[in-house]
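This report refers to the structure that appears directly beneath it.
What follows draws every value from the coordinates through simple rules; no lab data is involved. Treat the numbers as computed from the prediction; the structure is a model and nothing was measured. Ideal geometry is used to build each Cβ from the backbone, glycine not excepted, and the neighbour counts take in all protein chains shown.
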Amino acid sequence: MTNAGSAQATGTWRKAIELDELWEGEMTGVEVAGTKVLLVNLDGDVRAYENRCPHQEWALDEGDFDGEKITCSRHLWEFDAASGAGVNPTDCRLKAFPCRVTSDDTVEVDVP
Ligand code: FES
């Protein structure tokens, strides 16, 4: 299963985490090949974003995830967890990375 979102895969998949380390309804921050990545489990569907708020670069894994929205802990900007689109405000977007879960339940991301 691949959740490419708006990001383009380069074909270099790297292991980020085992799926059983990221339960449904949870998010976590990991580092993959030197890139800070936010992983979000939306009812078994995993998304990967840059772990950095587009406002003032705060780490998003320090915020909240209510199952639909990611809220930055710094100034409470909100993002749609499924798309990365800004909810409040709407003129921003998280940077998405291609993400997939392999047949042995490894979460892999394709970071530049
Ligand atoms: S740094 Fe995230 S809302 Fe300001």
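If a paramagnetic tag sat 7 Å from the Cα of Glu24 along the Cα-Cβ line, which residues of region 40-73 would have the backbone N under 11 Å from that point?
42-45
Please give the residues of region 52-73, grouped as numeric ranges, whose backbone N is less than 11 Å from a label point set 7 Å along the Cα-to-Cβ vector of Leu42.
Once the point is set 7 Å along Cα→Cβ of Leu42, 67-70 turn out to lie under 11 Å by backbone N, inside region 52-73.
Could I get the Rg over Rh figure for the chain? Both from C-alpha atoms, Rh via Kirkwood, rounded to two places.
On the way: Rg = 12.7 Å, Rh = 13.6 Å.
We get a ratio of 0.93 for the chain.
So which residue, out of Cys92, Cys53, Cys72, gets the largest mean-square fluctuation from a GNM of the chain using Cα contacts under 10 Å as springs?
Result for the chain, Cα springs under 10 Å: Cys92 fluctuates most.
In nanometres, what is the gap between the two model label sites at Val87 and Glu68, each 7 Å from Cα along Cα-to-Cβ?
Result for the modelled spin labels: 0.6 nm.
Using the crude model of +1 on Lys and Arg Cβ and -1 on Asp and Glu Cβ, and no other charge, please compute the dipole size for the chain relative to its Cα centre, in debye to 20.
Values: 10 positive and 22 negative charges, 120 e Å.
Roughly 580 debye for the chain.
Out of Thr71, Thr102, Thr28, any idea which swings most in a Gaussian network model of the chain, alpha carbons joined below 10 Å?
Evaluated over the chain, the most mobile residue of the options is Thr102.
Among Leu19, Gly29, Ser103, which residue has its Cα positioned farthest towards the positive end of the charge dipole of the chain, with +1 placed on the Cβ of Lys and Arg, -1 on the Cβ of Asp and Glu, and the dipole taken about the Cα centre?
Gly29
Excluding same-chain residues fewer than 8 positions from Lys69, which lysines have a Cα within less than 24 Å of its Cα?
Here the lysines satisfying the reach criterion relative to Lys69 are Lys36, Lys95.
Please check the chain for the longest run free of GluC sites (Glu not before Pro) that are loop-located per DSSP (anything but H, G, I, E, B) and have at most 16 other Cβ atoms within 10 Å. Present the calculation step by step, with values, prior to reporting the outcome.
On the way: sites that count: Glu24, Glu26, Glu57, Glu68.
The segment 69-112 is the longest one with no such site.
Determine the relative contact order of the chain: mean sequence separation of Cα pairs under 8 Å and six or more apart, normalised by residue count, in whole percent. Before the final figure, lay out the partial values.
Values: 260 pairs, mean separation 36.8, N = 112.
Reported relative contact order: 33 percent.
In whole Hz, what ³J(HN,Hα) sequence does region 93-100 give by Karplus (6.51, -1.76, 1.60; θ = phi - 60°), x for Gly and Pro?
Here the 3J(HN,Hα) series is 7, 6, 7, 8, 10, x, 9, 8 Hz.
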